[in-house]
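> One structure, as structure tokens, below. Some questions next.
The values are calculated or read from the model by the stated rules, or taken from the named source; none is laboratory data. What you are looking at is a predicted structure, and each value in this text was computed from that prediction instead of being measured. Cβ atoms come from the backbone with ideal geometry, glycine included; neighbour counts cover every protein chain shown.
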């Protein structure tokens, strides 16, 4: 489990207490963080709670450059709100990978943002990720490996 702050650990423990002993995950990978940035996380949190957002994407090369493990099925994510308060727990149920240039429209719909179009998805994610290309040892965004996690809400 990642190092959680006390409030995050308490939130995780409250989730575990609601499960029977045989339902509790063993050696779960648990992280806590924002959906994007603190500035936009509350709107994305609302999308998760409304059921509009069932997926989120990141860049594999970001994990590799940081020396962090890439997302995996069965991971848990304590989603913080804009005030850094734990707001819900998501479990990764499925992962798909595509090159940025080959991300299908279904990903944009699953992410539930904007007008749900692939054009909107590419614009927003391109603006978010393009400044980091050199840190990820990438020459262009089209060659970035997009990791899309499909989530289920397991605790709110």
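> Could you figure out which of (1) over 22 Å from residue 152 (Cβ atoms); (2) touching a helix residue (DSSP H, G or I) at 6+ places or on another chain (Cβ under 9 Å); (3) at pLDDT below 95 isn't true of residue 36?
Of the numbered conditions (1) over 22 Å from residue 152 (Cβ atoms); (2) touching a helix residue (DSSP H, G or I) at 6+ places or on another chain (Cβ under 9 Å); (3) at pLDDT below 95, the odd one out for residue 36 is (1).
> Kindly list the number of the only condition in (1) free of Cβ contacts under 8 Å to residues at least 24 places away in the same chain; (2) under 26 Å from residue 114 (Cα atoms) that fails for residue 45.
(1)
> Sticking with this structure for a sec: Tally time: how many residues in the stretch 122-156 are out of contact with any strand residue (DSSP E or B) (no Cβ under 7 Å at 6 or more places or on another chain) and either in a strand (DSSP E or B) or in contact (Cβ under 8 Å) with a residue 40 or more places away in the chain (or both)?
Adding up the residues that qualify gives 6.
For every residue, the table says whether it meets (1) in contact with a strand residue (DSSP E or B) (Cβ under 6 Å, 6 or more places away or on another chain); (2) part of a strand (DSSP E or B); (3) at pLDDT 95 or above; (4) on the phi > 0 side of the Ramachandran plot.
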| residue | (1), (2), (3), (4) |
| --- | --- |
| 41 | no, no, no, no |
| 45 | yes, no, no, no |
| 53 | no, no, yes, no |
| 56 | yes, yes, yes, no |
| 68 | no, no, no, no |
| 93 | yes, yes, yes, no |
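> If you don't mind, another one. Report yes if residue 15 is surrounded by 14 or more Cβ atoms within 10 Å (Cβ to Cβ), in contact (Cβ under 8 Å) with a residue 40 or more places away in the chain and within 20 Å of residue 94 (Cβ to Cβ), otherwise no.
Details: surrounded by 14 or more Cβ atoms within 10 Å (Cβ to Cβ): yes; in contact (Cβ under 8 Å) with a residue 40 or more places away in the chain: yes; within 20 Å of residue 94 (Cβ to Cβ): no.
Here the answer is no, as residue 15 does not meet what is asked.
> Filter the stretch 111-153 for residues that are crowded, with 16+ Cβ neighbours inside 10 Å, under 18 Å from residue 51 (Cα atoms) and out of contact with any helix residue (DSSP H, G or I) (no Cβ under 6 Å at 6 or more places or on another chain) and give the result.
111, 113, 149, 150, 151
> Among the residues in the stretch 140-150, are any at pLDDT 95 or above and over 16 Å from residue 57 (Cα atoms)?
Checked against the condition, which is being at pLDDT 95 or above and over 16 Å from residue 57 (Cα atoms), the stretch 140-150 yields at least one hit.
> While we're here: Check off (1) buried (at least 16 other Cβ atoms within 10 Å of the Cβ); (2) touching a residue at least 60 places away in the same chain (Cβ under 8 Å); (3) within 23 Å of residue 133 (Cα to Cα) for residue 64 and give me the number that stays unchecked.
(1)
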